[in-house]
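This report concerns only the one structure given below.
Any read-out appearing in this document is the output of simple, stated calculations on the displayed coordinates, not a laboratory observation. Here the structure is a predicted model, which means the values were calculated and not measured. Cβ: placed from backbone, ideal geometry, glycine included. Neighbour counts: every protein chain shown.
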Amino acid sequence: MARMIQTKNLQYSGSPEMMEFQDIGVIDQMKSSRMFHTHLTYPFISKAAMEGHLKIIYVLRNPKDNACSYYAFQCKLRNASYTGNFDGYLKAYLSEEFSGSGGSWFTHTTEWNNAILTNPDLKILFLRFEDLKKNLYQNILRIATFLEVDHEETFLRKVEQTVAFENLKKEHATGAGESEIWKHLGDNGRLPIYRKGIVGDWKNEFTVAQNEKFDDVYKEKMGDMAVNLEFDYE
């Protein structure tokens, strides 16, 4: 979505370049204006980003849906870092031993939100997955404003239609979704990044006991921040 808005090109470009997995030489040779994707926690991002020389779009999703989505993703990967059932996965997800890019969802969210509150130099746009689902066009407009590009409504409406979940999923199944770097993980390097794209699917996956355990850990780890985040679980 951001790439289409930035380049004024509606062509689907597949999985974005991942900062923590791509060869630095490849990144250095990319033409401006460059755009990367990352799951890194705040302390691991570049100094230039911390000093406000780069723009950051930070997307947050409620952790229950996040856990379900990530589990399904791991199950479809070749050479996945986790094999087992959802109950075992959830126990790992709730711990600080979770295999993420710098820490668990709780560490990741806490560090990024603390950075937003304490670093006035950050050029960052904070988006919620749930808000994107509720009002996609309004958030496309926010991205265009943040990137300081043309706000022409006719084009942005075309972006809105093009990035509808089912359209992206269909395009990803073509050659546009293939990538050499991910060939060891998926079919022709096509990562299984599109599943349902909905809000609240955790209700179909969590047992009552799992939900209660999750809520207890969430309150313990997030503290006052849990109130400020105000997730829409519906």
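Miscellaneous remarks
- Considering only the chain, percent of DSSP beta bridges that pair antiparallel, nearest 5: 10 percent
- Cα-based shape type of the stretch 62-167, given that a ≥ b ≥ c are square roots of the gyration tensor eigenvalues and the cut on a/c is 1.5: oblate
- FRET efficiency, THR162 to ILE193 (Cβ-Cβ, R0 25 Å, nearest 0.05): 0.90
- With K and R counted +1 and D and E -1, the other residues having a Cβ less than 12 Å from that of ALA67 yield a net charge of 0.
- Taking each residue as 0.36 nm, the span from ILE116 to ASP201 lengthens on full extension beyond its C-alpha to C-alpha distance by 27.7 nm.
- Neighbourhood net charge (11 Å Cβ-Cβ; Lys/Arg +1, Asp/Glu -1) for ASP87: +1
- Fully extending the segment from THR83 to LYS133 would add 15.0 nm, taking 0.36 nm per residue of separation and subtracting the current Cα-Cα distance.
- For the pair SER46 and MET225, the difference between a 0.36 nm per residue extended length and the Cα-Cα distance amounts to 61.9 nm.
- Mean residue ellipticity (222 nm) of the chain, computed from DSSP H runs ≥ 4 via -39,500 (n - 2.57), nearest 500: -13000 deg cm²/dmol
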